[in-house]
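The following block contains the structure, expressed as structure tokens.
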Amino acid sequence: MTDLPLLDHWVDGAPWAGSSERTGDVFDPARGVVQKHVRFASVDDVADAVASAVRGAALWREASISKRTQVLFAFREIVNARKDELAALLTSEHGKVTADAHGEIARGLEVIEFACGVGPLSKGAYSENVSTGIDVYTLRQPLGVVGIISPFNFPAMVPMWFFPLAIAAGNAVVLKPSEKDPSAAIWMAERLKEAGLPDGVFSVVHGDKTAVDALLEHPDVRAISFVGSTPIARYVYETATRLGKRVQALGGAKNHMLVLPDADLDLTADAAVNAGFGSAGERCMAVSVVLAVDSVADALIEKIRERMARLSVGDGTRGTDMGPLVTGAHRDKVASYVDVAAGDGADVVVDGRGIEVDGDPNGFWLGPTLLDRVPTSSAAYREEIFGPVLSVVRVEGYEEGLALINSGAFGNGTAIFTNDGGAARRFQHEVQVGMIGVNVPIPVPVAYHSFGGWKASLFGDAKAYGTHGFDFFTQEKAVTSRWLDPSHAGVNLGFPRHD
Ligand code: NAD
């Protein structure tokens with residue numbers, strides 16, 4: 001261990017060291033150095049955090065809807081007023097540029113705002129006189145303690161997809177953020193406390209597989225919201241459902257953008273570059289494959305290339321377009337796909353390896369990269385790359401493009417670019433993907449809809465946020481009630497009927 005800062009967990013409303021001696025490195029990706037260490041929780045540490053959350057949940061489920069709304073409203077105001085601090089934390093540990101960090105926070109704020117509407121969300125149904133003098137009504141109640149396990153690419157927004165609604169619904173949350181950029185979680189915990197959230201209602205445990213498994217296996221953790229790569233999402237889903245828990249596990253992606261010959265190629269090229277290289281391609285809704293109908297492919301590639309030549313890469317605080325990748329290991333893995341694609345016969349139109357940057361040369365850099373004629377048999381086409389590598393695959397027409405999208409393992413997002421309304425209508429009907437853009441490249445639904453893909457991009461049937469989110473964090477009770485009066489007297493062993 002060095003004299004670098006050491007980030008604690010957050011339990012019982014305060015920083016907490018736990019008993020484990022294990023730690024991990026947190027890098028400064030724009031400089032390529034370790035900037036702090038983070039504690040890695042043991043099984044016992046997680047058990048202590050869950051015990052605190054059990055106490056928090058017992059208290060918080062009794063808080064009125066109005067009290068819960070007030071706390072979330074105050075939290076929203078504090079985050080909004082201090083978002084520059086949070087954005088700086090995101091840039092320093094993840095590497096994303098300042099403007100993009102603000103975009104992430106804005107989308108998180110939307111979910112907090114939605115969660116402030118917990119009053120109308122929690123209204124049940126009421127049927128009077130289902131039988132004479134008998135009424136039936138439904139209630140939605142919190143689950144208790146819920147676990148959230150989040151990925152590195154949105155250290156603030158992805159936790160905010162879940163915890164505002166979980167808390168609004170009256171649960172206590174234990175968050176296990178990505179160990180690569182864990183500070184945003186602690187920053188949010190501090191702000192929730194300032195907003196008046198009682199201790200124990202929101203806890204953070206840092207760590208790796210040990211902490212995740214301890215959350216999955218703890219009997220008092222009733223539900224798990226996971227976001228990350230597909231193999232881990234599948235593992236989390238299988239493990240936690242086997243233990244009888246409610247699980248939503250969002251996985252990886254390989255998002256295609258289908259470009260028909262009648263599309264506006266300038267707008268399409270803008271969209272491809274924005275969605276391919278924003279956040280250095282480290283977005284689950286990034287476009288990673290452009291399916292270009294052959295007759296317009298050359299013209300489109302030229303327009304994409306022109307735009308890529310104008311992109312600046314460097315330290316995210318300096319107003320550049322694109323920052324570094326999150327770690328050196330991830331950068332090397334992403335770059336290795338360029339070799340794979342070239343080896344499989346793809347043309348490397350723009351090679352981002354060895355790019356000159358506005359920043360420290362030791363940072364985890366990889367410039368925007370464009371590949372053409374990527375064979376669909378190549379691992380560079382089939383696997384999620386999760387970096388600034390955009391592949392073009394040429395297709396003869398709509399049918400071939402659709403068939404390729406539908407044959408893929410993932411089903412997170414996709415987009416069609418066309419001026420033909422009939423083609424777009426047909427696409428939204430036929431494509432086997434959960435979130436569709438029509439001339440919109442990153443179709444992340446707003447907070448009052450719900451976010452989630454199909455196939456290997458989501459295990460479980462509850463999407464994130466929106467009404468799916470509230471339903472996921474609550475369980476329904478149906479009450480059948482009769483207030484006794486003498487007219488109901490008499491024994492009857494028959495099954496209740498509503499004549
Ligand atoms: P990851 O799967 O490596 O990690 C996600 C979480 O799982 C982290 O908290 C990590 O600590 C934990 N984890 C890692 N290995 C584990 C193991 N062996 N056992 C148990 N837990 C483990 O993902 P990442 O690299 O942090 O994030 C990028 C991935 O997340 C990409 O695949 C991306 O597509 C996906 N993602 C998906 C969505 C979505 O909405 N579908 C959103 C954001 C990111």
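In percent, how large is the relative contact order of the stretch 255-438, given Cα pairs closer than 8 Å and 6 or more residues apart?
Numbers: 362 pairs, mean separation 52.1, N = 184.
Averaging sequence separation for qualifying contacts and normalising by length gives 28 percent for the stretch 255-438.
Right, next: Measure nothing but the geometry: give the 0 to 90° angle between the long axis through the Cα atoms of 98-115 and the longest principal axis through the Cα atoms of the chain, rounded to 10°.
Roughly 20 degrees, rounded to the nearest 10.
I'm checking a number: the convex hull volume of the Cα atoms of the stretch 176-325, normalised per residue, in Å³. What is it? The partial results should precede the final answer.
Values: hull volume 24.6 nm³, N = 150.
For the stretch 176-325, the hull spanned by Cα atoms encloses 164 Å³ per residue.
Amide H neighbours of residue 255 under 5 Å, at least 5 residues apart or on other chains, H built in the peptide plane: list them.
Amide H to amide H, under 5 Å and 5 or more residues apart or across chains, residue 255 pairs with 288, 289.
What residues qualify as long-range amide H neighbours of residue 250, i.e. H under 5 Å apart, gap of 5 or more or another chain, H built at 1.01 Å from N?
226, 227, 228, 459
Taking 0.36 nm per residue of separation and subtracting the Cα-Cα distance, what length does fully extending residue 302 through residue 317 add? Kindly include the intermediate steps, with their values, before the conclusion.
On the way: separation 15, 0.36 × 15 = 5.40 nm, distance 2.99 nm.
This chain segment gains 2.4 nm when fully extended.
Rounded to the nearest angstrom and ordered from largest down, what semi-axes does the equivalent ellipsoid of the stretch 43-139 get from its C-alpha gyration tensor (root of 5λ)?
38, 21, 12
Report Rg (one decimal) and Dmax (nearest whole number) for the chain, counting Cα atoms only, units Å.
In Å, with Rg to one decimal and Dmax whole: 24.7, 88.
Now for a separate question. Starting from the amide H of residue 395, placed 1.01 Å from N in the peptide plane, find each other amide H under 5 Å away whose residue is 5 or more places distant or on another chain.
Close amide H contacts, sequence-distant or interchain: 292, 293, 294.
Using 0.36 nm times the number of residues separating residue 190 and residue 432, minus their current alpha carbon distance, what extension gain do you get? Present the calculation step by step, with values, prior to reporting the outcome.
Details: separation 242, 0.36 × 242 = 87.12 nm, distance 4.12 nm.
Extra length available between residue 190 and residue 432 comes to 83.0 nm.
What does the convex hull of the alpha-carbon atoms of the stretch 89-141 project to on average, in nm²? Could you put the intermediate results ahead of the total?
Values: hull surface 21.6 nm².
The orientation-averaged projected area of the Cα hull of the stretch 89-141 comes to 5.4 nm².
Now a separate question. Over the stretch 255-438, with the other protein chains present, what is the accessible area per residue in square angstrom, probe 1.4 angstrom?
Normalised by residue count, the accessible surface of the stretch 255-438 is 38 Å².
Moving to a separate point now. From the phi of every residue in the stretch 71-87, what ³J(HN,Hα) in whole Hz does the Karplus formula 6.51 cos²θ - 1.76 cosθ + 1.60 yield, where θ is phi - 60° and glycine or proline is x?
In residue order, the calculated couplings are 5, 5, 5, 5, 4, 4, 5, 5, 4, 5, 5, 10, 5, 4, 4, 5, 4 Hz.
May I pose another question? At a probe radius of 1.4 Å, what is the per-residue accessible area of residue 239, in Å² to the nearest 10?
Rounded to the nearest 10, that gives 10 Å².
I need the semi-axes of the equivalent ellipsoid of the stretch 218-306: take the C-alpha gyration tensor, multiply each eigenvalue by 5, square-root it, list largest first in whole angstrom. Intermediate results must be reported in sequence, preceding the final value.
Working: eigenvalues 318, 28, 15 Å².
Sorted largest first and rounded, they come to 40, 12, 9 Å.
Based on the alpha carbons, how large is the Rg to Rh ratio for the stretch 1-99 when Rh follows Kirkwood? Please report the intermediate quantities before stating the final value.
Values: Rg = 17.2 Å, Rh = 16.3 Å.
Expressed as Rg/Rh, it is 1.06.
Roughly speaking, what is the centre-to-centre gap between the stretch 426-499 and the stretch 372-409 when only Cα atoms are used, to the nearest Å?
After rounding, the separation between the Cα centres reads 34 Å.
Under 37 °C and 0.692 mPa s, how fast does the stretch 255-438 diffuse according to Stokes-Einstein, given a Kirkwood radius computed over C-alpha pairs? Answer in µm²/s, whole number.
200 µm²/s
Could you work out how much longer the chain between residue 407 and residue 377 gets when fully extended? Use 0.36 nm per residue separation minus the Cα distance between them, nm to one decimal. Display every interim value, and only then the final one.
Values: separation 30, 0.36 × 30 = 10.80 nm, distance 1.21 nm.
Extending this stretch completely gives an extra 9.6 nm.
How far apart, in nanometres, would the label points at residue 423 and residue 99 be if each is projected 7 angstrom from Cα along the Cα-to-Cβ direction?
With each label point 7 Å from Cα toward Cβ, the separation is 3.0 nm.
Can you give the FRET efficiency to the nearest 0.05 for residue 44 and residue 480, using r as the Cβ-Cβ distance and R₀ = 45 Å? Working shown, then result.
Details: r = 44 Å, r/R0 = 0.98.
Working from the Cβ atoms, E equals 0.50.
Of 96/333; 303/463; 36/463; 83/209; 193/477, which pairs sit farther than 26 Å apart, going by alpha carbon to alpha carbon? Can you show the working numbers first?
Details: 96/333 18 Å; 303/463 36 Å; 36/463 34 Å; 83/209 30 Å; 193/477 31 Å.
As for pairs spanning more than 26 Å Cα to Cα, those are 303/463; 36/463; 83/209; 193/477.
I've got another one for you. Counting only the backbone N, which residues of the stretch 124-147 are under 15 Å from the spot 7 Å out from the Cα of residue 487 toward its beta-carbon?
The answer is 129-135, whose backbone nitrogens lie closer than 15 Å to the label point.
Per residue of the stretch 216-224, in order, report the coupling 6.51 cos²θ - 1.76 cosθ + 1.60 (Karplus, θ = phi - 60°) as ³J(HN,Hα) in whole Hz, putting x for Gly and Pro.
Whole-Hz 3J(HN,Hα) from phi for the stretch 216-224: 4, 8, 5, x, 8, 8, 8, 8, 10.
The values are calculated or read from the model by the stated rules, or taken from the named source; none is laboratory data. Remember, it's a predicted structure, so these values are computed and weren't measured experimentally. Please note: Cβ atoms are built from the backbone with ideal geometry, for glycine as well, and neighbour counts cover all protein chains shown. Calculation scope for accessible area: heavy atoms of the full protein, side chains included, ligands and nucleic acids excluded. Shrake-Rupley method; radii C 1.70, N 1.55, O 1.52, S 1.80 Å.
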